[in-house]
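Let me begin by presenting the structure, written as C-alpha cells, before commenting on it.
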Amino acid sequence: MRRVPAPSRVLWVVALLVVAGGCSPDAAPPDLATESAGGPSVGAGPGGSAAPGLGGPELAWGDGSAVTPIVMSLEAAERAQAGTDFQEMQTVPGIEGGRAFVALALEPSGTVVVGAGPPDNYDSTTGTLRESMVVGEYVDQEFRAFAPTPAVGGDVLARQVYSGSSSGGVTAWAETASTDLYYSNWRVFARSAQGTVRLVARSEEVQEGQLPIVEGDTAPVVSGGRVYLATAAPADLVGTYRKDVVSRAADGTGPLVTEARGASRPAVQDGPLYVVRDSWSDPDVPEGEVQIERVASPGTPEVVLRLTGAGGSAVTGMVASGSRLAFTLFAREGGPSALYVVDPEARRVWVVPTDNAGTSDAVAFCGDLVTWNGADGSGLVSSPQYVYDVGRGELLAIDVAHNYGGSKCAGTMIAWGELDTSKEERARTVVVAWLRR
C-alpha cells in the first residue's frame with residue numbers, strides 16, 4: 001500500500017524506445033549439482049537457508065521447510081553457436097517507413113506482435129501524444145495492422161501502447177493516453193484467433209478518473225482464454241492504494257474477477273496462476289519479506305515460496321511455464337540481484353546471481369527454456385542473452401554486442417532487443433529459433 005505522490009508530466013520513454021514470454025515435463029529435471037553448466041552447486045533439499053555464497057534472502061517453502069537452492073554461475077555458461085544452437089529467423093526494425101516499432105509479444109511461429117506509431121509522437125507543448133499507436137504483427141519483413149480497437153466512451157486523447165502478451169492464438173495489449181509516470185487511464189484490448197478486437201477492461205472499472213501507478217502500470221498476461229493483469233486499487237485508508245490481480249475472459253464478457261488482493265506480477269501459462277505479495281503490494285507483509293503465491297481459485301492464494309531478508313529488493317519480473325516459474329529479484333540498494341527458477345512440484349529452486357541490471361521484462365519462460373539478460377537499457381555494452389534449459393540442465397549464452405534488454409520466448413523461439421546504431425539508435429528486435437534440443 002502506497003500513498004501516491006503529486007503528478008509530474010514525464011514522457012514514458014518505454015513507449016517507443018524500450019523493447020519490451022509452455023508445458024512441464026512429467027520427469028524431474030536432472031540435479032545440476034553434477035552438471036558442468038551449473039558449476040559448483042548444492043543439491044536441493046530441506047535444511048538450507050540462503051543460497052551458499054550468494055548472501056541473498058533466506059528461502060522456505062510454503063509449509064515452512066527450508067530450501068537449499070542450486071546455485072549456478074554465469075561464468076560457467078557455454079557459448080551458444082549460431083547455426084548449431086540457434087538460428088536467426090527475423091529482425092524487426094526499431095524504425096521503418098515512418099513508423100517506430102515496440103515489441104509487445106512473440107508467437108511460436110516467430111512472428112512479433114508490435115505497437116507502431118510516429119517516431120516523434122510526443123507533443124511537448126500539450127504534454128500529449130499526437131496520434132494513437134496501432135497494434136499489429138511484423139512478419140516477412142512487413143507490418144500488418146490488426147483491426148482497429150473499438151471506441152472507448154469518453155476517450156478523446158491519443159493513446160500509446162506499452163505492453164502485450166500472446167498465447168493460444170489470443171493477443172492482449174495495454175494502452176493509455178497518459179504520458180505521466182504517476183497516473184494512468186489504462187485500457188486492455190484483446191484480439192481473438194479469428195481477428196476480432198475487443199475491449200477487455202479499463203481503469204475506470206477500478207476507479208473513476210486516472211488511476212495511480214503502483215509498482216508499474218497494468219500489463220496483461222494471456223492464458224487459457226483469459227487475460228490477467230495487476231492494477232492499483234483503492235485501499236481501506238483514504239488516499240492509499242494497494243495492488244490487486246484481476247482477470248476477465250479475453251472476449252470481454254463476464255465479470256472482472258479479483259484473483260488476489262494485495263498482490264502483483266501475475267504469471268500464468270498453461271498452468272496455475274502465480275502472484276507476488278510484498279510490502280509494496282500488501283501492507284500486512286513484513287518489510288523485507290517476499291511471498292510467491294499460487295492462486296488455485298479466486299481469492300484463495302497459498303504461499304509457495306517465501307523469501308525473508310529481502311529488504312531493499314523487489315521482484316521486477318515473474319513468468320511461468322506450466323507449473324514452474326521464474327522471477328528476477330532486483331536489489332534496489334546495491335545488494336545481490338539474482339534470477340530464480342522454481343519447480344514447486346519437484347521442490348527445486350535454481351538461483352543465478354546476476355549484476356544489478358535488468359528490467360521487468362528481462363526474463364521469459366516457454367516450455368523448458370528460460371531466457372534472460374542483464375542489459376541496462378542503453379545498448380552500449382555487450383550483454384549476453386542467456387538460455388537455461390531446465391529439462392536438460394544446460395546453461396548457454398548468446399553473445400550480443402548491443403543487447404538493449406527485453407526477453408521473449410514462445411515455442412522454440414527466443415527474442416531480445418538490440419540497439420541499432422544505424423537507425424537513430426532505435427532498438428530493433430532479434431528473433432532466433434533455438435535448435436539445441
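Brief remarks on what is shown
- Of all residues in the stretch 275-333, those being farther than 18 Å from Arg348 by Cα, at pLDDT 95 or above and in contact with a Ser or Thr (Cβ under 6 Å, 6 or more places away or on another chain) number 1.
- Within this structure, Val113 passes the test of being assigned to a strand (DSSP E or B), hydrophobic (A, V, I, L, M, F, W, C) and surrounded by 14 or more Cβ atoms within 10 Å (Cβ to Cβ).
- Hits in the stretch 349-367 - residues which are out of contact with any Pro (no Cβ under 7 Å at 6 or more places or on another chain) and at pLDDT 90 or above: Val352, Val363, Ala364, Phe365, Cys366, Gly367
- Arg226 being within 21 Å of Ser167 (Cα to Cα), in contact with a Ser or Thr (Cβ under 9 Å, 6 or more places away or on another chain) and basic (Lys, Arg): yes
- Number of residues in the stretch 297-313 that are surrounded by 20 or more Cβ atoms within 10 Å (Cβ to Cβ) and not in a loop (DSSP other than H, G, I, E, B): the value is 5.
- Counted residues, the stretch 224-282 - those being of a type in the set (S, T, N, Q) and touching a Phe, Trp or Tyr at 6+ places or on another chain (Cβ under 6 Å): 1
- Residue satisfying all of: in the stretch 82-110; within 19 Å of Val432 (Cβ to Cβ) and of a type in the set (Gly, Ala, Ser); surrounded by the fewest Cβ atoms within 10 Å (Cβ to Cβ) among these: Gly83
- Residues within the stretch 379-425 that are in contact with a Phe, Trp or Tyr (Cβ under 8 Å, 6 or more places away or on another chain) and either among the small types (Gly, Ala, Ser) or on the phi > 0 side of the Ramachandran plot (or both), tallied: 6
- Consider the stretch 380-391 and keep the residues that are modelled with pLDDT of 85 or more and among the small types (Gly, Ala, Ser). The one that is nearest to the chain's Cα centre (by Cα) is Ser383.
- Only listed residue being of a type in the set (Gly, Ala, Ser), in contact with a Pro (Cβ under 9 Å, 6 or more places away or on another chain), crowded, with 24+ Cβ neighbours inside 10 Å and at pLDDT 85 or above, chosen from Ala410, Ala346: Ala410
- Total residues in the stretch 149-183 satisfying the condition of being of a type in the set (S, T, N, Q) and touching a helix residue (DSSP H, G or I) at 6+ places or on another chain (Cβ under 7 Å): the figure is 1.
- Candidates Glu287, Glu345, filtered to the one that is within 24 Å of Ile70 (Cα to Cα) and not aliphatic (A, V, I, L, M): Glu345
- Counted as qualifying within the stretch 124-243 are no strands (runs of 3 or more DSSP E), as none has 3 or more residues that are touching a Pro at 6+ places or on another chain (Cβ under 6 Å) and surrounded by fewer than 20 Cβ atoms within 10 Å (Cβ to Cβ).
The values are calculated or read from the model by the stated rules, or taken from the named source; none is laboratory data. Everything numeric in this text was worked out from a predicted model, so none of it was measured. Note that each Cβ is placed from the backbone with ideal geometry, even for glycine, and that neighbours are counted across all protein chains shown.
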